[in-house]
2 protein chains.
Amino acid sequence: MPVPTPEPAPDVHPAWLPPEAFRAVGSRHTLVAGDGKLVDTVVGEVERACAGHGGTVRRATDEPGARPADLVLALIPALPEADRRPGDAPDATAASGADLAAVHAAHVDLAAVRAAHVDLAGALGAEGFALARHGQVTVVLADAPAGLLYGLFEVVRLGDTAFGPECPVRVHRPALSRRMLDHWDNVDEHPVMGQVERGYAGGSIFWRDGRPRRDRARVRAYARLLAACGVNAVAVNNVNVHATEARLLTDRLDDVAEIADDLRPYGIRVHLSVTFAAPVVLAGLATADPLDEAVRTWWAETTRRVYARIPDFGGYVVKADSEGQPGPFSYGRDHADGANLLAEALAPYGGVVHWRAFVYNHRQDWRDRSTDRARAAFDHFAPLDGRFRDNVFVQVKHGPMDFQVREPVSPVIAAMPGTRLAVEFQVTQEYTGQQRHVCYLAPWWSEVLRYRPWGEGGRSVADVAADGGDLVAVSNVGDDRFWTGHPLAQANLYAFGRLAWDPALAPEAVLDEWIDLTFDPARSADPEMLRRTLHEVMDDSWRTYERYTAPLGVGFMVRPGHHYGPDVDGYEYTPWGTYHFADRDGVGVDRTRATGTGFTGQYPPPWSQVYESLDRCPDELLLFFHHVPYDHVLHSGSTVIQHIYDTHFAGLAEVIEMSRRWESLAGLVDPAVHARVSERLAEQLRCAQEWCDQINAYFHRKSGVPDVRGRPLH
Amino acid sequence: MPVPTPEPAPDVHPAWLPPEAFRAVGSRHTLVAGDGKLVDTVVGEVERACAGHGGTVRRATDEPGARPADLVLALIPALPEADRRPGDAPDATAASGADLAAVHAAHVDLAAVRAAHVDLAGALGAEGFALARHGQVTVVLADAPAGLLYGLFEVVRLGDTAFGPECPVRVHRPALSRRMLDHWDNVDEHPVMGQVERGYAGGSIFWRDGRPRRDRARVRAYARLLAACGVNAVAVNNVNVHATEARLLTDRLDDVAEIADDLRPYGIRVHLSVTFAAPVVLAGLATADPLDEAVRTWWAETTRRVYARIPDFGGYVVKADSEGQPGPFSYGRDHADGANLLAEALAPYGGVVHWRAFVYNHRQDWRDRSTDRARAAFDHFAPLDGRFRDNVFVQVKHGPMDFQVREPVSPVIAAMPGTRLAVEFQVTQEYTGQQRHVCYLAPWWSEVLRYRPWGEGGRSVADVAADGGDLVAVSNVGDDRFWTGHPLAQANLYAFGRLAWDPALAPEAVLDEWIDLTFDPARSADPEMLRRTLHEVMDDSWRTYERYTAPLGVGFMVRPGHHYGPDVDGYEYTPWGTYHFADRDGVGVDRTRATGTGFTGQYPPPWSQVYESLDRCPDELLLFFHHVPYDHVLHSGSTVIQHIYDTHFAGLAEVIEMSRRWESLAGLVDPAVHARVSERLAEQLRCAQEWCDQINAYFHRKSGVPDVRGRPLH
C-alpha cells in the first residue's frame, strides 16, 4: 500500500511541487502496474494529486475502472509475458487488459521511434523510463520502480502537454547514475559556523542543537522535491566532522537510519561524512593509519554494523588532510591509501567513498609567490591516478580554487583517466550572494559541464563525469519556510538535479520548467509577462553578480570568515592562498609557466597554450592567469581599469533594473514570495552598491586612473 | 573580628601580593587602633602576613604586648581625645599606652612636616592617610578605616624602607575620589563576544554561563589586589547590557549583592551597567522616555530596592544611544535628560551615574568625508555642559576615537567645565596587543594625564579629572591563572590604580613598585639584572607596539571584529568611521578647519592652532590630523613613507630584542611566569612580523617608493 506522506507545516512553501503542478495528472485516470515500495510511492503521489483535482488511480491488480486510463505507469517486468515482446497481442484476460493494450501499442510505437536501438525491455536501467503516447493514452514504462517515479515527475513537468499530440515521446535515462547533495549540516550548532556551515536558509532540516530534528514531514517533503528534480543521494552531515557528528557512524547511527527511512520512499540513499580519525576518536585505537590491521578491522566491522542497520546505505564522504581535518598524511600515507581503506570496508555492500580532492596548504605565506593554491589538488591527486579502488570517487570542486563566481575548470578533471571522479558544485551561494542575491547558477554550471578540457571535439566535463562518475553539490536548503532563504534560490537546487540528470539541458529551459511548476503561469493574469519577467530577472543574474564583484576571474575580495560583501584586501595578506597582488601598476596572478606558478601547465593542450598566452586567454579569466598593468587592453577593446569601472557600474544598474522588474510582478505571484524576494532585493541592491563603490574606489585609489565617463569613484 | 579571607585556588598567581611582599610587615610587631569592618580587614591582612613571617599584631584594646610595636596603624578618631591634639601628652593609662605615645609623637612630627597645613585630624578625608616615623616606630594615621587600609598597603609597598631612617614621611590623599574599573563581563556567554567582551584572560571572575561564578575566594583575592593599588569601585557587568544582564537590576540583584559582599571588606563599591530601556524590557512599560512620570517612578522605586539590598551601592553605568544600545534619542530627548533621570533616582542614596560619551554614528557612509567620528562626542556633549545633575559623571574615553595606540586627547575634556567628567582608559589591551603582546600602558596614560588642553601653565587632564571627576578603566582581568593572560599585563592594572590615586607618579617608578612587589628582586640571584631587564622589556613596550602597528597616529588598520593583527583596509570601507584614506599619492585624515572636517576647532588654543598647522603638528599625530603625500618630510627629517618602513623594521627588531632579554631571565623568575611570557612573546614576534610586513607591503604596493635601505617590502 502507498506510504502515507505526512504534510509539512502549512506555512512551508511547496517549492516546485505545489498542488497546481499536479493538475494535469490529478484530473485524469491513471493505471499503475507493478509492485515495490517506490511503486507505492508513485501510487501515493497520484492519489494525492487526484484528491485535489478529481482524477482516479487504479493498480493493474485492481478491478478494471469505469473508463480507460489516460495515463499508464507500468513496470515492464510487471507486464504479462506477452506484453513484453513488441508486436505480440496483449493478454486480454489480464486485469485491466483494455488499458494494457494501450501499453502494448505504445510499446510498439516507442520501439519504432527508437528504431535501431536495443529492445526497450532491460535497456532503461535502474532509473530510466520511456514516455510514449498511444491514441488517448500516455504511457510511462520502466524496468525498475525508480524509473516509474522519475517518469511520473516527467509527466508532472509536462502537464497537459503529456496528454496531447505534442507529447515528446522519448527514452529518458540519467547521464549520471549518482546525483548527490552534500549537506554541510552540523548536529551540534557550531559556535562559529552555526547549525549549517555556509547555510543561508535557517537551521538544518535534519538536526537541531545536537539532536535529530525529527520533522519527518519536512524531510519527506524534501525527498519529494529532490526526486522531482532527479537527486538520488544525500550526505546528511557536514564534511567538517566535529565530535558529535563523528558518532553518527556508531552509537548515533539510529539518527541516520531515521533519515534514511524518510528518504527511501523517494529513491534517495543516505551517505555519511565521516572523520578519518574515527578509529582513534570513537574506538580509542592508538592510530588511524590506513595500513594498520586493527584500523582496517575496525572500519570493516563498523561498516558491517552500518549496513546491518541501513541496508541501502550509500557510503562515506571524507574531507581528509584539508583545512585542519585529519587524514592519511598524519601516518605518512597518501590519499589513495586513505580512500582505499574505507572503500575496502564498503565494497562488500556496494557502498562508495567520496574522497574530496580539496587539499591545499591553508597556512601558506602570502609573501611567497611561488606557492599556488590553484595547483594543489592536481599536485596531490594526479600522481595517484589508477591507485584508487573502483568504489572510490575522487570528489573534485569544479574549479581549482573554491566556488568563486568565475574560475577556470579544475585541471584535475582531465588528469585522472583511471579514477572515478565526482565533480562538485556549490548550490549554497557561499561566494555568490548567500541567498540574499538573485544568482541563478545553472548557466555557470552548464558552462563548466560543456567545457572540453581537450579542446573542440574532445570530451566534455559532463562526459568525464558521466563515465562512471558522479555529480555532487553542496545543498542550499534549511528549515526556512521557503527552503532556501531566497525563494528564487530554489531554482538552483532544481537546476542542479536536472543538469545532473541531463547535462545537455539548456539553463533557460530548466528555468522554464521550474517557473511552470512553481508559479503556474498558465493560470496567472498575465502568463507571458510573468514568465518573461522571471527570465529577465534570473537568466543573466549570475553574470550580473560577476559584474559587480571581483573582476576578470581574480576571485575572492570578500570579507574574510563569512565571505559576504566586498573587502578587496580581506584575504590579501592571509595564509589562505587567495591573492590578487594589486599594486599601483597592475593586478592579477601570474600562473603562467613562463614567469609564474606554472599552473597553466596542468591543463592539456589546447588550454595549456590558451591560458598561457596573454593574447589568447579569455577576458573573463585574464586576472586568474596573468598579472597585467591597468592599461592592458582586453579583447573587448577596453582597458582593464576601465573594464573594472564599467562592469561595476553596469552590474549595479542591472540590479536596479532587476528590482524594478520584480516589483512589476506584485499581484502576479504569491504575496509572501513577492515580499521575501523584494526584501532580499533591497539587500542585494545595498550590497551591490557597496561592491561597486568599494571595488572602484580601491582601484581608483591604487591606479590613479580616472573613469573616462567621469563617474564618482571615491 | 577580622573577616577570614578564603584563599584562591593554589595555582592562581598572587600577582603583586605574594607572601614575600608582606615580609617587612609580617616579621614585625603591629598595633592597630580603631574599629570597623575595614579595620578588621587591616588586622586580618597583618595577621596573615605575620603567620608567614613570625611577627605579631595586636589591637589597641588588647592587652599590651611583650614588646613595643614597630608599626602602628591608628584611626585618629579612635585615639584618646588627648592624642588628637598635637602637643598634648598621651594618655598613658590607655591600653597600649606606650605604643600610642609613639603615635602621639609621630603626630606631632608629622604636623611639623606639614608646617602651615591644616591640622591633620579631619584633613585626611575618607581615604587618605599620613605616614610618619618616630624613633623606632612607623605610624600610619587615618581619619577613616579605608585610609588605614591604603596606608597598610603603602607600608607593604615600602617594605623594609618603611621601618628605616629613609621612610618617606608624607600625607597621602588620592587625587581622585573614585578610581573605578569597568568589567565588560557578560553574565551569559555572548555568542560573538564571549564571557568577557574584549577579554583576553579567560572567563569572567564574576559570571559563568548565565550564572554567578561564586568563586568567592577569587573575588576576595581580586579585591585585595585592587585595594593594594588603590581602586575603590567596580562595575560588575558589560556596558553592552543584554537580556540576562538587564535583570541584574531587579530579580537578579542578589547576584550583585554577593559580589558587593566580597568587595566591601576592601573598600570597593559595586556599580551596575544598566540598559536605558530597563522600564520597557524589565517592567513592560510602554516607554523609557526620561520625562515620563511612570518611568521616573519606576527608576525611583527600582533604585530604592537596590539600596535596600546593597546600602553602599555605587551607582549606574550607562552606554546609551551608542553602537545599538537604546537611549534617550528614541524619545526625542537628549543625554542630559537621560542621565538626569537616573541621577534623580540615585541622589537620595548618594549614588552616581556614569554616562558614557561614546556616542557616534556607527553606520556612517565611508564615501562621506565630511562626517568625522572624532568630532562626535564633543558635538553631542559639549552643548549640554551645565545641564547634568551633580551626581552625573560624563564618562569620556581619553581619546576622540577608541583606545588606539596613539590618539590626541579628547577635546571633550576641555569643553565641559560645568560637568563632572570621568576620564576612561582601557586597561584591557583591545587595540594594544590583547595581552599577547607586552605593552606597558602607563607611559601612554601618563602622557594623557599630563597633557594640558589649554597649553603650558594651564590645567592638565589629571587636574580636570581631579576636580570632582573620576578615572575609570576597562578591566583586563579574567579567570586566567595569571589574572590577565599575559603575566606582564598585571602591571597595567596595577599602574592604572596607582595613577588614579596619584597621576603625578612616574610610569617607571610605578613599574618599579610593581616589580618589587611581584618579583621580590631583593631575594633573587641577580637583583640588578632582574630589575633592569624587566624595565628594558617593559618601559618602552608601548612605543615599540606603536612602531610596528598603525603609523603616525592614523589608528586602526586592525582585523575587523576581533581587532587583533593587521588589516590595513579592514575598516577602510566600513560604516565605523575609522579611515586612513591612503591612495597612491598619500595617506591620513584631513581634520583641519581649513580643508578638512574641522575637528581641530574643537580644541582650545594653543592646540587648535598646533594641530591645524602641518608644520607644527606633532609627528606622532600627523596622520590623525592631516592627509599628506608620502614624501612629506617629518620633523624627524624622514619622509612619511621612509618613516613607515623604518619604524616598522625597528619595532620588529625591538620585539626580537625583547624576547632575547626575557629569555635571559630564565632561572630568575617563577618558571610558570617565565614560560607563559615566553609563549606570548613568540606570538608577539609572529604578529609583529605580520604587522611589519603587511604595513610595509601595503604602502610599498600603493606608493611604489622603495626602501632607501633596500630591505624586502613584498
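The values are calculated or read from the model by the stated rules, or taken from the named source; none is laboratory data. None of the values given here were measured: they were computed from a predicted structure. Because the Cβ atoms are built from the backbone with ideal geometry, glycine has one as well, and the counts that use them run over all protein chains shown. Heads up: the accessible areas ignore ligands, DNA and RNA and are worked out on the full protein's heavy atoms, side chains in. Shrake-Rupley method; radii C 1.70, N 1.55, O 1.52, S 1.80 Å.
Values for this structure:
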{"quantity": "Test: residue in the range A:529-552 that is part of a loop (DSSP other than H, G, I, E, B), within 14 Å of chain B (Cβ to nearest Cβ) and acidic (Asp, Glu)", "calculated": "no"}
{"quantity": "Residue count for the range B:247-284, restricted to those that are in a helix (DSSP H, G or I), among the hydrophobic types (A, V, I, L, M, F, W, C) and closer than 22 Å to B:Asp215 by Cα", "calculated": "8"}
{"quantity": "Any chance B:Val628 is open to solvent by less than 30 Å² (accessible area, probe 1.4 Å) and touching a Gly at 6+ places or on another chain (Cβ under 6 Å)", "calculated": "yes"}
{"quantity": "Helices (runs of 4 or more DSSP H) contained entirely in the range A:1-114, each with at least 3 residues that are at pLDDT 80 or above and crowded, with 16+ Cβ neighbours inside 10 Å", "calculated": "A:23-26, A:37-53"}
{"quantity": "Candidate set: the range B:458-482, residues that are out of contact with any Leu (no Cβ under 7 Å at 6 or more places or on another chain) and open to solvent by less than 10 Å² (accessible area, probe 1.4 Å); chosen: the one farthest from B:Pro604 (Cα to Cα)", "calculated": "B:Phe482"}
{"quantity": "Which listed residue is assigned by TED's automatic domain parsing to the domain that holds B:Trp483, part of a loop (DSSP other than H, G, I, E, B) and buried (at least 22 other Cβ atoms within 10 Å of the Cβ), from B:Arg406, B:Arg389, B:Arg436, B:Arg452", "calculated": "B:Arg406"}
{"quantity": "Positions within the range A:220-232 being assigned to a loop (DSSP other than H, G, I, E, B) and either aromatic (Phe, Trp, Tyr) or open to solvent by less than 10 Å² (accessible area, probe 1.4 Å) (or both), in sequence order", "calculated": "A:Gly230, A:Val231"}
{"quantity": "Filter result for the condition that a residue is under 26 Å from B:Glu424 (Cβ atoms), over 18 Å from the mean Cα position of the chain (by Cα) and in contact (Cβ under 8 Å) with a residue 24 or more places away in the chain, over B:Ile268, B:Ile205, B:Ile259", "calculated": "B:Ile259"}
{"quantity": "Top-ranked residue of the range A:557-575 - restricted to ones that are among the charged types (D, E, K, R) and open to solvent by less than 10 Å² (accessible area, probe 1.4 Å), ranked as nearest to the other protein chains (Cβ to nearest Cβ)", "calculated": "A:Asp569"}
{"quantity": "Condition check for B:Val708: β-branched (Val, Ile, Thr), touching a helix residue (DSSP H, G or I) at 6+ places or on another chain (Cβ under 8 Å), away from every other protein chain (no Cβ under 14 Å) and within 21 Å of B:Cys439 (Cα to Cα)", "calculated": "no"}
{"quantity": "Number of the exception - B:Thr592 against (1) away from chain A (no Cβ under 14 Å); (2) under 15 Å from B:Thr371 (Cα atoms); (3) surrounded by 21 or more Cβ atoms within 10 Å (Cβ to Cβ); (4) not small (Gly, Ala, Ser)", "calculated": "(3)"}
{"quantity": "Selection status of A:Val281, surrounded by fewer than 19 Cβ atoms within 10 Å (Cβ to Cβ) and either among the hydrophobic types (A, V, I, L, M, F, W, C) or more than 30 Å from A:Leu225 (Cα to Cα) (or both)", "calculated": "yes"}
{"quantity": "A:Ala235 touching a strand residue (DSSP E or B) at 6+ places or on another chain (Cβ under 9 Å) and open to solvent by less than 10 Å² (accessible area, probe 1.4 Å)", "calculated": "yes"}
{"quantity": "Evaluation of B:Gly586 against (1) within 14 Å of chain A (Cβ to nearest Cβ); (2) open to solvent by less than 30 Å² (accessible area, probe 1.4 Å); (3) within 28 Å of B:Glu323 (Cβ to Cβ); (4) touching a residue at least 24 places away in the same chain (Cβ under 8 Å) (one fails), failing number", "calculated": "(3)"}
{"quantity": "Hits in the range B:410-433 - residues which are under 18 Å from B:Thr600 (Cβ atoms) and open to solvent by 10 Å² or more (accessible area, probe 1.4 Å)", "calculated": "B:Ala414, B:Ala415"}
{"quantity": "Inter-residue pairs, beta-carbon under 9 Å, first more than 22 Å from A:Glu7 (Cβ to Cβ) and in the range A:44-62, second open to solvent by 60 Å² or more (accessible area, probe 1.4 Å), 6+ apart", "calculated": "A:Arg58/A:Pro64; A:Arg59/A:Asp35; A:Thr61/A:Asp35"}
{"quantity": "Whichever residue in the range B:284-311 is farther than 17 Å from B:Ala246 by Cβ and of a type in the set (Ser, Thr, Tyr) and, among such residues, is least open to solvent (accessible area, probe 1.4 Å)", "calculated": "B:Tyr307"}
{"quantity": "Of all residues making up the range A:21-51, the number that are basic (Lys, Arg), closer than 10 Å to A:Val156 by Cα and in contact with a Phe, Trp or Tyr (Cβ under 9 Å, 6 or more places away or on another chain)", "calculated": "0"}
{"quantity": "All positions within the range B:360-416 that are touching a residue at least 24 places away in the same chain (Cβ under 8 Å), within 14 Å of chain A (Cβ to nearest Cβ) and acidic (Asp, Glu)", "calculated": "B:Asp365"}
{"quantity": "Matching residues in the range B:633-658 - criterion: being farther than 21 Å from B:Arg701 by Cβ and either crowded, with 18+ Cβ neighbours inside 10 Å or at pLDDT below 95 (or both)", "calculated": "B:Glu654, B:Val655, B:Met658"}
{"quantity": "Only listed residue being at pLDDT 95 or above, in contact with a Cys (Cβ under 8 Å, 6 or more places away or on another chain) and away from chain A (no Cβ under 14 Å), chosen from B:Phe519, B:Phe599, B:Phe625", "calculated": "B:Phe625"}
{"quantity": "Condition check for B:Pro417: at pLDDT 95 or above, in a helix (DSSP H, G or I) and assigned by TED's automatic domain parsing to the domain that holds B:Trp483", "calculated": "no"}
{"quantity": "Subset of the range A:668-691 [among the hydrophobic types (A, V, I, L, M, F, W, C), more than 11 Å from every other protein chain (Cβ to nearest Cβ) and in a helix (DSSP H, G or I)]", "calculated": "A:Ala672, A:Val673, A:Ala675, A:Val677, A:Leu681, A:Ala682, A:Leu685, A:Cys687, A:Ala688"}
{"quantity": "Selection from the range A:351-382 of residues that are under 26 Å from the mean Cα position of the chain (by Cα) and of a type in the set (Ser, Thr, Tyr)", "calculated": "A:Tyr360"}
